[in-house]
Amino acid sequence: ISANTTEFDLRSIFEAYGPLRRICIPTHYNYQTRLLERNTFAFVTFQRRSDAEEALLCLQNHRFDYMIWHVDWAKPCKSKSSQKNGWESIHKKHGKRKNQTIGPRKNRQ
C-alpha cells in the first residue's frame, strides 16, 4: 500500500467481500529521522475465511493510489514468544483461526 492509504480506504475496499474483524497498518521507528513511519503493507482480518479467500483472489494485482497490490495469506510471527508458545496456541487463546488474515506476500527469490 502507499504511504497515503488509510484504514478507511482499506475498510471501504475489503468490506465489499465480507465483514472484517480488524485492519492493522504497522509502523516502525526510524532511528535516523527519529520519526514513527508507516510500513507499506497492512493486515486485514475477516470474520469468515470464505470472505478472505474471495478477497484474496479478487484483489490480487489491484491498483490503488498508484500502487499495485500483492495479496497473500499472512505468515506466523517468528518472535521468541511465538516460538516458545507456538503460533497456534497464541491465536487460539485470542479466538483467532490460522490463515484468516490477509497480509503482505513474503519476498521470494
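The values are calculated or read from the model by the stated rules, or taken from the named source; none is laboratory data. Given the structure is predicted, the values throughout are model-derived calculations rather than measurements. Every residue, glycine as well, gets a Cβ built from its backbone with ideal geometry; the counts of neighbours run over all protein chains shown. With ligands, DNA and RNA removed, areas are computed over all heavy atoms of the protein, side chains included. Shrake-Rupley method; radii C 1.70, N 1.55, O 1.52, S 1.80 Å.
With (1) assigned to a helix (DSSP H, G or I); (2) open to solvent by less than 50 Å² (accessible area, probe 1.4 Å); (3) modelled with pLDDT of 85 or more as the list, and I90 as the residue in question, which single condition is left unmet?
The one condition I90 does not meet is (3).
Out of (1) of a type outside the set (A, V, I, L, M, F, W, C); (2) in contact with a strand residue (DSSP E or B) (Cβ under 6 Å, 6 or more places away or on another chain); (3) at pLDDT below 90, what's the single condition that is false for Q109?
(2)
Before we move on, is S50 open to solvent by less than 90 Å² (accessible area, probe 1.4 Å), modelled with pLDDT under 90 and not in a loop (DSSP other than H, G, I, E, B)?
no
Among T5, T45, which is of a type outside the set (G, A, S) and assigned to a loop (DSSP other than H, G, I, E, B)?
That would be T5, the only listed residue that is of a type outside the set (G, A, S) and assigned to a loop (DSSP other than H, G, I, E, B).
Restricting region 60-84 to residues that are modelled with pLDDT under 55 and surrounded by fewer than 12 Cβ atoms within 10 Å (Cβ to Cβ), which is farthest from T5 (Cα to Cα)?
The qualifying residue farthest from T5 (Cα to Cα) is K84.
Within region 17-40, take every residue that is open to solvent by less than 80 Å² (accessible area, probe 1.4 Å) and not in a strand (DSSP E or B) and give me the one that is modelled with the lowest pLDDT.
Among residues in region 17-40 that are open to solvent by less than 80 Å² (accessible area, probe 1.4 Å) and not in a strand (DSSP E or B), the one modelled with the lowest pLDDT is N39.
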